[in-house]
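The values are calculated or read from the model by the stated rules, or taken from the named source; none is laboratory data. What you see is a predicted model, and the numbers here were worked out from it, not measured in a lab. Positions of Cβ are backbone-derived with ideal geometry, glycine not excepted, and every protein chain shown enters the neighbour counts.
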Amino acid sequence: MANLDLHGPVPHVTSARKAARRTLHVHRAQTMALVSGLAALGMVAVAGAMLTQML
């Protein structure tokens with residue numbers, strides 16, 4: 001028979017939700033760091049192309 005306790009969150013489910021939320025925040029931060037790095041690399045590439053045209 002299943003244990004269907006609907007009177008409150010089960011502690012292990014709550015901790016799993018917290019861990020999932022923490023993991024999601026870390027993943028978002030890593031994605032933002034990657035995107036900002038790619039943007040900076042693009043800016044350096046454009047600046048380098050402009051410098052080669054000037055010289």
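List of remarks:
- Only one of Ala29, Ala16 that is surrounded by 10 or more Cβ atoms within 10 Å (Cβ to Cβ) and within 12 Å of the chain's Cα centre (by Cα): Ala29
- Unique match (being part of a helix (DSSP H, G or I) and either modelled with pLDDT under 90 or out of contact with any Gly (no Cβ under 8 Å at 6 or more places or on another chain) (or both)) among Leu6, Leu34: Leu34
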